[in-house]
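One structure is given here, and the rest of the page talks about it.
None of the figures in this text is laboratory data; all of them are computed from the coordinates on show. From a predicted model like this one, the values you see are computed outputs, not experimental measurements. Glycine also receives a Cβ, built like all others from the backbone with ideal geometry; neighbour counts cover every protein chain displayed.
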Amino acid sequence: MYLGIDLGGTRIKISLFAADFTQVAMLTTPTESEKGSQRVMGNLIGSIQQLLSQAQVDAEDLAAAGVGVPGLMDIERGISLFSPNFAQWQDVPIARLIADALGGVPVFIDNDVRVNLFGEWYFGAGRQLKDLVLLTIGTGLGAGVVMEGRVLYGATGSAGEIGHLNMYRRGRPCACGSSGCLGRYVSGRGLIVTAREKIAVTAPGLLQEWLAQGKELTPALLSEAYDKGDRVARETFEETGELLGYGLSSVINLYNPQRIIVGGGVAAAGERLLGPARRIISQHSLEISRRACDLVTAQLGSEAGMIGAAYYASQKLAGTPDYRQS
Ligand SMILES: [Zn+2]
């Protein structure tokens, strides 16, 4: 059996999988990321023990555990170096802490987006493909790349950071130290900033009316306003979708993928966002590459991280050096 763990800033999600990756049990618990690493790891390990006892499974029946973690990490040593949304969080030896609590079970960590990629690749929208790209558009923009049947890591584990493609010479400042990065625009946060900029210079419409009534400006509210023909919402999705299209044109030209999968909460906007992106891609990517590539939404939703982490752990355990798909 395998454990697949999705360590998010708000929630910790843990699933127990049988050897064939059917889900046996699942548990969700608040992360309490504002309370520091000791509390978070206590919550995580306590939940694993609770899940195992509910499912009446002994730790020694576990073959391995995989954990998806946001932020920077030392994958080989299993240490989370830094995570932007976690307080008092530095050099946390996640793999060792979990392994110690489970009597030495092998534990492997990787980036949260990459474990999502493993999930969609083996069990979701990317099945049987050798060349694919996953974008997760949530609060921010994450990405992972599979080329020729191999997940790309690069020299420092940061290959395929499509969210930091430079789209403007002098654009919105980014936490990475640069500015004008794609993720500052194509993300939940980016959509809101763009909508606010437009509200400031547009005659009052439905969206402004809703905001005046106290509704919160969210990507979902923008979708609702878009469907009712609101001008700010239409322009916001149009511009954001076009920018996504320019970014993906470069991605198609660089990686020549068979499929680009778009997941994350903002993917619920669907064609409102992907429609303009498709139009730009048809005008700005290399024709032969474009014809070989489709753009689809993810299939597994928020489950991808857990099953992907479990599968990743099984691959690491088997020593598959490059995770090649059989
Ligand atoms: Zn950046």
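Miscellaneous remarks
- Packing, as the average of other Cβ atoms within 10 Å across residues, places the peptides 163-173, 60-70, 226-236 in the order 60-70, 226-236, 163-173, highest first.
- Which of 204, 297, 111, positive extreme of dipole for the chain (C-beta unit charges): 204
- The charge dipole of segment 26-154, taken about its Cα centre with unit charges on the Cβ atoms of Lys, Arg (+1), Asp and Glu (-1) only, comes to about 200 debye.
- Prolate/oblate/rounded label for segment 199-316 (Cα gyration tensor, a/c 1.5): oblate
- Burial ranking of peptide ranges 121-127, 251-257, 292-298 (average Cβ count within 10 Å, highest at the top): 121-127, 251-257, 292-298
- Of the trypsin sites (Lys or Arg not before Pro) in segment 242-326, the ones in a loop by DSSP (not H, G, I, E or B) with at most 13 other beta carbons within 10 Å are 324.
- Here the chain has an Rg and Dmax of 20.4, 65 Å, counting Cα atoms alone.
- Helix content alone sets the calculated 222 nm mean residue ellipticity of the chain: runs of n ≥ 4 DSSP H residues at -39500 (n - 2.57) each, divided across all residues, give -12000 deg cm²/dmol.
- Total lysine pairs whose alpha carbons fall under 20 Å of each other in the chain (8 or more apart, or interchain): 5
- Options 307, 225, 275, ranked by Cα towards positive dipole end of segment 219-326, top entry (Cβ charges): 307
- Ordering 207, 221, 117 by the number of other Cβ atoms within 10 Å of each residue's own Cβ, fewest first, gives 221, 207, 117.
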